[in-house]
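Working notes, beginning with the structure itself.
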Amino acid sequence: MRPVEWSVRRSSVVCEAAPGRKADSAVKRARQAEKRRVYNKARKSEVRTRMRKVLEALDDLRKKQEPQPEEVLPVEKLIAEAYSVIDKAVKVGTLHRNTGARRKSRLARTKKAVEVHHGWYTSSPAPAAVAS
């Protein structure tokens, strides 16, 4: 082992015990971090792909002339798949739960906007207040 080297840089003291080699734990943490980065990148890509498919389908439905209300059913299936992927990404920690909720909300708002645009949306009646 080489002797401890001391050097002074900009009024701070730096001690280098083994300047050319990382500790074994640091090497392992770097390996784990790289594995997680690749895994999280794939999950985030999947979330973005699913969201893009839903948004494109809703955009096509909005632009259609005289669409039928049944044409929303395939889009609802895409939305359910996107929700599932988002929930899984939140569960494993790839996305923060608020980010997942925001993305799901964006899909729901867009779907509702299309339904309102075509006159398919009817708001549910407010529950009657219980008299006491």
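Things to note:
- Order by protection proxy (mean Cβ within 10 Å, highest first), peptides 53-61, 90-98, 24-32: 53-61, 90-98, 24-32
- Alpha-carbon spread of the range 59-132, three principal axes, descending order, Å: 50, 39, 15
Every number in this text was worked out from the coordinates using simple rules, so none of it is lab data. Everything numeric here is computed off the predicted structure, so don't read it as measured data. Cβ sites come from the backbone with ideal geometry, for glycine too, and all protein chains shown count toward neighbours.
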